[in-house]
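The values are calculated or read from the model by the stated rules, or taken from the named source; none is laboratory data. Just so it is clear, the structure is predicted and the values come from calculations on it, not from any experiment. Quick reminder, even Gly has a Cβ in these numbers, built from the backbone with ideal geometry, and neighbours come from all protein chains shown.
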Amino acid sequence: MNQEIRPSIIRGSVVAPASKSSMQRVLAAALLRKGTTVIHNPGKSNDDQSALDTVQKLGATIRWEGADLVVHSVGVVPVSEEINCGESGLGIRMFTPIVALSNTTVTVSGTGSLVTRPMYFFDEIFPQLGINITSRDGKLPLVIKGPLMPATIEVDGSLSSQFLTGLLMAYAASEADGVAIHVIDLKSKPYIDLTIKVLADFGWIVTHDHYRSFYFNNLQLPIEESREYAVEGDWSGAAFLLVAGAIAGSIEVKGLDIHSTQADRAVLEALKSAGAQMEVGENSIHIQQSSLQAFSFDATECPDLFPPLVALASYCKGETIIAGVNRLAHKESDRGLTLQEEFAKLGVSIRLEGDLMYISGGGKIVGAEVYSHHDHRIAMACAVAALGAEGVVAISGAEAINKSYPDFYLHLAQLGAIVNHI
């Protein structure tokens with residue numbers, strides 16, 4: 001699918017999409033915590049749909065009650081010999097340890113860029129937990145047979161915190177006692193905060209020593225007949241809307257918790273550093289077009305902010321510096337190189353030096369044909385940058401947004417952007 005974005009002024013208000021980071025963790029917790037969970041504001045992205053399919057294949061039953069999703073679980077009892085996590089990096093890394101709670105042999109697979117992403121973490125860790133595993137030289141598919149037996153282990157947290165999220169959930173559900181997970185060089189700590197919060201909301205307490213060691217305090221809690229959970233608004237998706245407002249109009253983004261543990265809430269810091277005019281309330285943010293200046297920002301703990309911040313930096317006078325490039329190689333695309341390539345077509349010069357990205361902003365943004373590289377955040381970044389361009393920007397592979405924010409183009413159009421399907 002191709003999408004055409006014309007220079008536009010945007011006005012009005014929009015509700016942020018549901019957080020897929022929150023939604024997928026809630027679905028996992030609902031599977032692990034036996035009983036019934038009513039999920040309010042459920043996400044409907046491709047990643048959310050993959051997670052929903054996974055929990056059903058692991059034994060949960062679901063039904064819709066109006067806009068709410070009802071999940072009933074008796075624990076991890078696989079009803080399929082294979083689960084497919086689609087293109088969800090969180091899904092594959094979180095659900096794989098959960099699958100291993102069962103003594104059933106299950107094949108874990110994925111699609112798209114996931115089949116080339118490194119998964120050697122499981123080959124190294126699972127044998128220490130009594131889990132049989134075979135892989136394709138550290139890549140998908142994985143064939144797993146548990147049950148997982150919690151033990152004190154040491155893991156490398158430098159590639160992704162998502163592996164640790166899965167282990168924390170599986171250890172908690174298996175009533176780990178007297179063991180710890182020691183972590184070296186943990187990245188994306190706010191995402192682990194989100195995991196710990198969801199676990200606590202479902203009755204499992206995980207503590208840590210400055211993110212170096214994680215401990216479990218699991219009480220024998222009674223099964224609740226029913227519990228309710230509201231999925232947070234998504235700061236990752238909202239970051240693109242906020243940047244759009246900063247460069248092309250005056251908008252209000254609703255449904256965001258300013259106290260959220262989501263890593264991408266840090267977009268507010270970057271916008272403030274760039275001189276964006278904002279009014280931040282408890283559940284909404286008003287932002288409007290203003291004169292923007294180059295800024296420095298460390299995105300090591302929130303690498304998903306690189307694409308919207310590159311779009312923002314394109315309109316900031318001077319050279320913006322963003323740290324954390326080393327976190328970008330194993331995303332849906334190699335985002336450092338992809339951003340450099342696609343924004344060059346728009347007239348924006350990006351230089352990569354080690355862990356730093358330098359963006360020369362404040363010049364003309366030109367119309368061009370760009371390519372998403374099947375990466376949802378690249379498609380959205382190009383669309384946002386197009387709002388203040390001097391010509392039309394056509395995005396090929398524009399459907400990539402369905403992975404995380406299916407209504408993105410619709411929301412832009414509702415705010416007054418000129419968006420055409422071509």
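The residues listed here are V325, V310; of these, the one that is within 17 Å of R377 (Cα to Cα), surrounded by fewer than 24 Cβ atoms within 10 Å (Cβ to Cβ) and aliphatic (A, V, I, L, M) is V325.
Pairs meeting the criteria (first residue in the range 203-220 and modelled with pLDDT under 95, second residue among the aromatic types (F, W, Y) and part of a loop (DSSP other than H, G, I, E, B), beta carbons under 8 Å, at least 6 apart or on different chains) are F216/W204; N218/W204. Just one of the listed residues (P147, P118) is assigned to a loop (DSSP other than H, G, I, E, B), surrounded by fewer than 18 Cβ atoms within 10 Å (Cβ to Cβ), in contact with a Ser or Thr (Cβ under 7 Å, 6 or more places away or on another chain) and not assigned by TED's automatic domain parsing to the domain that holds A329, namely P147. Put simply, of S135, S113, S73 the only residue that is surrounded by 21 or more Cβ atoms within 10 Å (Cβ to Cβ) and hydroxyl-bearing (S, T, Y) is S73. The criterion of being at positive phi and in contact with a Leu (Cβ under 9 Å, 6 or more places away or on another chain) does not hold for G66.
Against the criterion of being touching a strand residue (DSSP E or B) at 6+ places or on another chain (Cβ under 8 Å) and part of a helix (DSSP H, G or I), Q128 qualifies. Looking at the range 180-188, is at least one residue without any contact (Cβ under 8 Å) to a residue 12 or more places away in the chain, among the acidic types (D, E) and out of contact with any helix residue (DSSP H, G or I) (no Cβ under 9 Å at 6 or more places or on another chain)? No, that holds for no residue.
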